[in-house]
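The values are calculated or read from the model by the stated rules, or taken from the named source; none is laboratory data. Just so we're clear, the structure is a prediction, and the values are computed from it rather than from any experiment. FYI the Cβ positions are ideal-geometry reconstructions off the backbone, even for glycines, and counts take in every protein chain you see. Side chains are part of the model used for accessible areas, which takes the heavy atoms of the whole protein and leaves out ligands, DNA and RNA. Shrake-Rupley method; radii C 1.70, N 1.55, O 1.52, S 1.80 Å.
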Amino acid sequence: MANDHDENTTVGLVARLDRITGGAERRVAEYLVQVGPRAAPMSAQEIAAAVGTSDATVVRTARTLGYASLRELRQALADDTDETDLSARLKATIGESPSAHDVLVTAVDRHLEALNTLLRRVSAADFDEAAAVLADAAQIWWCGTGPSAHLAGYAAFLCRRLGRSSGALTHAGTDHADELLSLRADHAVVILAYGRVHPYVRVLLQRAADVGAQVVLITDTLGRRIASPVAAQLNAGRGTPGLFATHGPTIVLLEALVLATAAADPAGSETALATLNDLRRSLAGKRLDVDPG
């Protein structure tokens, strides 16, 4: 028997979520809500890979949500422009919190949910591959702009503290050209690319391919829009759609990558920390051990 579907396809995806009862289909639906229009060009196989399920589950999810086909669901996603402004996101994030402590409780709950989603989307094989790429690199570059620039700088700081040569690429304009001159064949680049793929990301990917540098891409969309190959791709979101973005999962992922890189050479990391403590003692005039973080 044919599945029933809605003739009114303008009903929002979020409004249809209560139709989902199965766990696997729920994960697919939540992923589509999170990435929104950016999932429109993705195939069933690509969506399944991002969620960690089968393409058949993706097709069933579309029908459960009331769409005649995955194609119709993808069209609905393409028509959703996600134009929620920042003030509306702020109101949606804190508007129902009667006290300051309620804001904290809600934030923790959302972060825990986002971290659980992170564990589902980043497979052991993908993470191990990314960690191996970084461990083999003579220099690790962390690339991000906007708020992600601070995360890139933080990751580079942690790497240097643990004895790995590292730096941050944080420009999107013509100054990015000067940064790209530093790339070498034995380097690795970790790119934080959320939302649409900006021109500087495409230029960076092409430059990395030209010089032979390895790329680890951290993104919230798995699609066909990136032509240049990457060594590893880790799919991490930024919280609930329509709310203020949370960078907590990205911070956890970056710290895990740095620690995994240090674990590949524990003696070198311990030596770097010992040297750091010696230098701090020389500067302070007394023993002043530093915590690795």
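Among the listed residues A149, A131, which satisfies the condition of being surrounded by 17 or more Cβ atoms within 10 Å (Cβ to Cβ) and in contact with a helix residue (DSSP H, G or I) (Cβ under 9 Å, 6 or more places away or on another chain)?
Selected residue: A131, the only one of A149, A131 that is surrounded by 17 or more Cβ atoms within 10 Å (Cβ to Cβ) and in contact with a helix residue (DSSP H, G or I) (Cβ under 9 Å, 6 or more places away or on another chain).
When residues in the range 195-206 are screened for being surrounded by fewer than 19 Cβ atoms within 10 Å (Cβ to Cβ) and not in a loop (DSSP other than H, G, I, E, B), 4 of them pass.
Could you list, in sequence order, all residues of the range 234-246 that are modelled with pLDDT of 75 or more and over 9 Å from the mean Cα position of the chain (by Cα)? Matches in the range 234-246: A245, T246.
I'm checking my understanding of the structure. Among residues of the range 19-54 that are open to solvent by 30 Å² or more (accessible area, probe 1.4 Å), in a helix (DSSP H, G or I) and touching a Ser or Thr at 6+ places or on another chain (Cβ under 8 Å), which one is farthest from D126 (Cα to Cα)? For the range 19-54, the residue satisfying everything is R19. Checked against the criterion of being open to solvent by less than 50 Å² (accessible area, probe 1.4 Å), more than 19 Å from the chain's Cα centre (by Cα) and aliphatic (A, V, I, L, M), the candidates L192, L217, L180, L169 yield just one match: L180.
Looking at (1) small (G, A, S); (2) under 26 Å from T246 (Cβ atoms); (3) touching a Leu at 6+ places or on another chain (Cβ under 8 Å), which one does G163 not meet, given that it meets all the others? Condition (2) is where G163 drops out.
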